Structures are given as structure tokens and as C-alpha cells.
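Single-structure report; data block below.
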Amino acid sequence: MARARFTVSPRAELVAALKALTRPTDATERAFHAAHRQAFADMLAAMPRRRALLECSFRDRRGSRPGWLAGYLCAPPIAPGASIQDELAALAAVPTATLRADLEETAMRQLPTALRGARLADVATGLLGWVWTHTLDIEWPRRERVLRADIVARTARLAGQGWAAVLRDLGRHREWIGDGELRINSYDRPTRALPGDAELYFVPVHANGTWVGWAEPRAYAIYYPVTGRLADTDARRTGGLPGLVGANRAALLRLLDEPASPTRLAAALELPIGAVGNHLRVLLQAGVVLRRRSGRTVLYWRTPLGDALVAADAG
């Protein structure tokens, strides 16, 4: 553990973002998914190679078979504090043969036709670069502050309480056993001894899950949810979306995943048309719905902010 250190990795945040875009599991991930899903889907439809690569990059857990991430996603940081440009440049230099073996091991099948003959590093950097530019770039300063605060708190705890206290809440099945041994999962696999000069990185991420990665024999990484990420948000006890905007307006928002008229909404909720109109006016002023006229009818539908509110309240 003498060479273990905490660090921040922009590429790890990209993995968290991809997870939220493809497999959202909690309120925060559902809100992120709602805000970006349409642009993400449009990009994948226009870039079939990126879609095919994404499909080969995740293997879901089934029964006793562990889930799996492609190595190019979970590789350890290239250096403490590396920028996203540095990490994408390192990915761009990976040979196609290496990425092909990585993806085929993850997907447990040969590469799909769309990827054959492609320079896989270009496809991978194109996918991750798009996700960074369109979903994370503007958020990164805030995310980085949160991640670094986690590291400061754990480093302070390390000085006073040792590794056992620091590693206690890194995720399920992660615990310090003692005698230099750290358990990272519950699978019946042989213990792996790291070389004495190996780098071991602990990397906080905004994700509802944990994973590990390695670049044998000298670099290893354990990715864990940033402090508070797995805490109960108490959404049920505080009323969730109805507690924020009121029960009727929350019900209206949930119905507006497709354009609808006030008359249709009033009938669906069994509310007076005047009351529905008043609620819609408030939601319109708050920026969570939009409206347009279609002939004699006025139609309303949710904005991305409205989508995010509804998604965060689901579950």
C-alpha cells in the first residue's frame, strides 16, 4: 500500500457518464440520461461504428458471471491528475489489434461487421470525445471539486485511522482484510499479488457502482462512488417531485412526455380545464414545459429540465 494513492480521472467520469446514458439505475443517473439521451441516440444512429463499439464495451452480469468493462474504459489513469486530452491521446495510440482483443474478450464474440477494418482507436476516441464535449465538459469543474473533496477527506482519515477506515465504504465487497490484503469482490478467484513497485490508484467517480482496471504488471485502479453517492436521498420521505411542485403539476409533468392539449390533460387527470391551464402557465414560466399552436389546439410538452425532474423522481 506504500505506493497507493488517490487521484481524479476524467476518463473514469466518462465511464460513469456512459453508464448513465445506457444503464441508469438511480435518480441522479436517470436525470443525466433524460437530459442527454436524445442527442446521444441521434449521434449513435449517425455513427454506426460508435454504436457497435459501445455494444461491445459492456458485458452485463448474469448469474454467477461477473459484469465486465472493456479494458480501454477501465484502464488505470496514465498519471495522477492527467487531463482528458492526455487520456484520450493515450487511447488514440492503442493498436487496433489490442483493442480488438479487448472488445472480443468483453463481448465474448467476434467483432461485428461494422467494426471490421476500422481503426478502433479512432472510433473509441470519437465516442468518448463526443460524450465529454456534449455532456461532461461544462460540468467537469463542479464534478472535479466534489471528487477532490472526497480525496482530501479520505487522506485526512488515513493519517489518523489507517487504511481499514479509508477503504471501509468503497462499495460492496470492498474491505481491508489485513496483512496487506484488500478484497475487491465476492468472486471465488485466486488472490493477486501486486509487484512491490506497482502503482495502485483509488479513483472516486460519480457513479452508482464500482469497477477495477489494470495495465499489468505495473498499474492498477479501483474506482468507487464518491462520498455520499450511494446515500439514501430521502426522496420518498420529502415528497419527491409532488413535494416540489405540487401533486397536480407533478402529474401533468409525468403526462407530458409527448405533446398534449390542455383538454386531453384535463380529461386524463379529471381536473377542470381552468385549473389545468393555471398549472400549465406556472410550469411554462418555470421552464419545465414548452408550448406551440397546432391549428386551433395548443400543445404542451416537457423541456429537458422537465424530463430531468421526472426522471429523477422515478423509481
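The values are calculated or read from the model by the stated rules, or taken from the named source; none is laboratory data. Because the structure is predicted, anything quoted here is derived from the model rather than measured. Please note: Cβ atoms are built from the backbone with ideal geometry, for glycine as well, and neighbour counts cover all protein chains shown. Ligands, DNA and RNA are excluded from the accessible area calculation, which covers all protein heavy atoms including side chains. Shrake-Rupley method; radii C 1.70, N 1.55, O 1.52, S 1.80 Å.
All told, Arg50 meets the bar of being of a type outside the set (Gly, Ala, Ser), assigned to a helix (DSSP H, G or I) and surrounded by 20 or more Cβ atoms within 10 Å (Cβ to Cβ). Among the residues of segment 176-198 satisfying the criterion of being within 19 Å of Val166 (Cβ to Cβ), under 30 Å from the mean Cα position of the chain (by Cα) and not hydrophobic (A, V, I, L, M, F, W, C), which is surrounded by the fewest Cβ atoms within 10 Å (Cβ to Cβ)? The selected residue is Glu181. A Cβ distance below 8 Å, combined with a sequence gap of six or more or placement on separate chains, defines the contacts here; from segment 26-43, residues that are open to solvent by 60 Å² or more (accessible area, probe 1.4 Å) reach residues that are outside any helix (DSSP H, G or I) in the pairs Thr28/His206; Thr28/Asn208; Thr28/Arg229.
Yes or no, residue by residue, for (1) assigned to a helix (DSSP H, G or I); (2) touching a residue at least 60 places away in the same chain (Cβ under 8 Å); (3) of a type outside the set (Ser, Thr, Tyr); (4) within 26 Å of Leu88 (Cα to Cα):
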{"position": "Asp150", "(1), (2), (3), (4)": "yes, yes, yes, yes"}
{"position": "Gly160", "(1), (2), (3), (4)": "yes, no, yes, no"}
{"position": "Arg168", "(1), (2), (3), (4)": "no, no, yes, no"}
{"position": "Asn185", "(1), (2), (3), (4)": "no, yes, yes, no"}
{"position": "Asp188", "(1), (2), (3), (4)": "no, no, yes, no"}
{"position": "Arg192", "(1), (2), (3), (4)": "no, no, yes, no"}
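Residue count for segment 126-136 satisfying the condition of being in contact (Cβ under 8 Å) with a residue 40 or more places away in the chain and open to solvent by 10 Å² or more (accessible area, probe 1.4 Å): 5.
Residues of segment 100-125 that are in a helix (DSSP H, G or I), open to solvent by less than 20 Å² (accessible area, probe 1.4 Å) and in contact with a Lys or Arg (Cβ under 9 Å, 6 or more places away or on another chain): Thr106, Leu115, Leu120, Val123, Ala124.
Just one of the listed residues (Arg3, Arg100, Arg50) is at negative phi, basic (Lys, Arg) and modelled with pLDDT under 95, and it is Arg3. Of the helices (runs of 4 or more DSSP H) entirely within segment 203-315, those holding at least 1 residues that are at pLDDT 85 or above and more than 32 Å from the chain's Cα centre (by Cα) occupy 262-269, 273-285. Among the residues of segment 53-67, those that are touching a Phe, Trp or Tyr at 6+ places or on another chain (Cβ under 9 Å), of a type outside the set (S, T, N, Q), open to solvent by less than 70 Å² (accessible area, probe 1.4 Å) and assigned to a loop (DSSP other than H, G, I, E, B) comprise Pro66, Gly67.
Looking across segment 83-99, the residues that are in contact (Cβ under 8 Å) with a residue 40 or more places away in the chain and open to solvent by 30 Å² or more (accessible area, probe 1.4 Å) come down to Ser83, Leu88.
Pull up segment 68-82, narrow it to residues that are open to solvent by 20 Å² or more (accessible area, probe 1.4 Å) and in contact (Cβ under 8 Å) with a residue 40 or more places away in the chain, then point me to the one that is nearest to Arg119 (Cα to Cα). My answer is Gly71.
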